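Everything on this sheet refers to the single structure shown next.
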């Protein structure tokens with residue numbers, strides 16, 4: 001591992017590793033496998049006016065019935081619209097947020113990289129066609145609002161074991177209060193770890209949170225602007241843990257449980273994110 005030296009104000013020389021972190025006294029098993037390109041990430045912006053409902057503050061609360069019901073209706077409508085062209089199971093919702101005057105829905109669609117441009121065009125033309133025919137479920141869509149751009153991003157899957165939380169079956173139910181609360185805390189704390197690291201400007205999103213038994217094993221997807229090796233990501237997490245008395249936020253974490261892996265797919269995939277701005281009157 002390449003190291004550099006940095007002199008502290010008191011004149012003490014500290015060795016820095018390739019991540020820009022002080023060298024740890026704890027040996028870390030490293031994996032030099034680089035991340036594969038995970039996505040040509042295209043954002044398709046669609047403005048949708050909901051003519052038979054008013055915005056309420058409950059829509060900002062992801063655990064509220066109002067949020068869950070509207071999310072379900074919008075998502076089901078979009079799946080119906082896109083499934084005929086893209087195929088069922090080819091896309092998944094990773095985030096839904098509501099704000100006054102607009103609703104933002106973000107999708108990820110896994111498609112063959114070679115056909116990414118064609119798929120973007122298919123999405124745009126399909127949504128426009130449905131909008132012009134006023135057959136977008138209960139929603140009215142502005143067909144002139146659809147745009148698309150794409151950038152390359154990278155992804156890995158991380159996991160760690162939380163030893164001071166008890167697992168229960170509600171943690172596999174995304175609509176449950178327990179899942180919503182713990183997943184929000186995992187996202188917050190993983191962001192906090194990398195926001196205090198030398199690669200903080202590269203972090204795009206922490207998403208796809210899942211939980212499994214073994215105290216509580218938290219798994220997540222980390223999306224990055226630039227390529228980093230798995231051992232770099234592992235070292236950042238372990239350095240944070242070591243510097244904070246074995247804690248990540250309020251979580252007690254077993255250092256040996258911290259793992260990162262590349263997305264294991266037979267082909268390099270392009271991931272398309274559709275962002276829909278929905279105007280609520």
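Once region 126-143 is narrowed to residues that are over 28 Å from the mean Cα position of the chain (by Cα) and surrounded by fewer than 16 Cβ atoms within 10 Å (Cβ to Cβ), the residue that is nearest to residue 85 (Cα to Cα) is 129.
For residue 182, the criteria (1) more than 30 Å from residue 65 (Cα to Cα); (2) assigned to a helix (DSSP H, G or I); (3) without any contact (Cβ under 8 Å) to a residue 60 or more places away in the chain hold in every case but one, which is (1). Scanning region 141-165 for residues that are out of contact with any helix residue (DSSP H, G or I) (no Cβ under 8 Å at 6 or more places or on another chain) and at pLDDT 70 or above returns 154, 155, 157, 162, 163, 164. What number of residues within region 224-247 are part of a strand (DSSP E or B) and at pLDDT 95 or above? The number of residues fulfilling the criteria is 1. Note on region 188-201: among residues that are over 27 Å from residue 174 (Cβ atoms) and touching a strand residue (DSSP E or B) at 6+ places or on another chain (Cβ under 9 Å), the one that is surrounded by the most Cβ atoms within 10 Å (Cβ to Cβ) is 197.
Residue 212 meets all of the listed conditions (1) farther than 18 Å from residue 261 by Cα; (2) at pLDDT below 95; (3) out of contact with any strand residue (DSSP E or B) (no Cβ under 6 Å at 6 or more places or on another chain) but one, namely (1). Taken as a whole, the structure leaves residue 177 outside the set of residues that are closer than 16 Å to residue 250 by Cα and either in the same structural domain as residue 235 (by TED's automatic domain parsing) or at pLDDT below 80 (or both). Applying a threshold of 8 Å to beta carbon distances and a minimum spacing of six or more residues, or different chains, the list of pairs starting in region 224-248 at a residue that is on the phi > 0 side of the Ramachandran plot and ending at one that is outside any loop (DSSP other than H, G, I, E, B) reads 246/252; 246/253; 246/255.
The values are calculated or read from the model by the stated rules, or taken from the named source; none is laboratory data. Owing to the predicted nature of the structure, the values given are computational and were not obtained by experimental measurement. Counting neighbours? That spans all protein chains shown, and the Cβs are built from the backbone with ideal geometry, glycine included.
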